[in-house]
Amino acid sequence: MEHITGTPTLKAPAERFTGDVYLNMIEAPAEPARLAAALVRFTPGARTNWHSHAPGQTLHITDGVGLVGTRDGHVVRVTAGETVKCPAGEEHWHGGTPTTLMAHLALVVGDGSGDGTTWLEPVTDEQYAAALTAVGA
């Protein structure tokens, strides 16, 4: 058994996020488990860039209200207790609404050399506004 008493809260890198996003790494992908897990907190209006994960990604919402969107324009409004599964290779983004923060556990099973994330361009303000309209937020 390993007891980890906590990890530092880090500000997420600006080149991968719009707005203020904070994360606490829970587990880095390492053999034999290969799980990458983090608690990610989005301030109102903050969001990831477009990105994909080679093995897919599971997001479990722990607090607040947020959005998860895909390239084809599908957007879901998410709240605490809900889970979204993004399949392997699907380009997507996630973040808070303009008036609420959102926190989630981000879970990816890597290949032992990383979490298989491909980071892309920022979600534009127009794309974000369209996502809000799509969910009636």
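Identify all residues within the range 93-119 that are modelled with pLDDT of 95 or more, buried (at least 16 other Cβ atoms within 10 Å of the Cβ) and part of a loop (DSSP other than H, G, I, E, B); write none if there are none. Passing the criteria: T97, T100, L101. Can you tell me how many residues in the range 54-63 are surrounded by fewer than 20 Cβ atoms within 10 Å (Cβ to Cβ), at pLDDT 95 or above and out of contact with any Lys or Arg (no Cβ under 7 Å at 6 or more places or on another chain)? The total comes to 3.
Taking the range 47-68 as the range and being assigned to a loop (DSSP other than H, G, I, E, B) and over 11 Å from the mean Cα position of the chain (by Cα) as the test, the residues that pass are A54, P55, G56.
In the range 24-46, the count of residues that are outside any loop (DSSP other than H, G, I, E, B), under 20 Å from G136 (Cβ atoms) and touching a residue at least 24 places away in the same chain (Cβ under 8 Å) is one or more. Note on the range 14-53: residues that are more than 17 Å from V78 (Cβ to Cβ), buried (at least 17 other Cβ atoms within 10 Å of the Cβ) and among the β-branched types (V, I, T) total 1. Only residues that are free of Cβ contacts under 8 Å to residues at least 40 places away in the same chain, within 12 Å of the chain's Cα centre (by Cα) and surrounded by 14 or more Cβ atoms within 10 Å (Cβ to Cβ) were counted in the range 79-92, giving 2.
Scanning the range 69-88 for residues that are assigned to a strand (DSSP E or B), more than 16 Å from A38 (Cβ to Cβ) and either of a type outside the set (S, T, Y) or modelled with pLDDT under 95 (or both) yields G69, V75, V76, R77, V78, K85.
The values are calculated or read from the model by the stated rules, or taken from the named source; none is laboratory data. Being a predicted model, the structure only gives us computed values, none of them experimental. With ideal geometry, Cβ positions are generated from the backbone for all residues, glycine too; neighbour counts draw on all protein chains shown.
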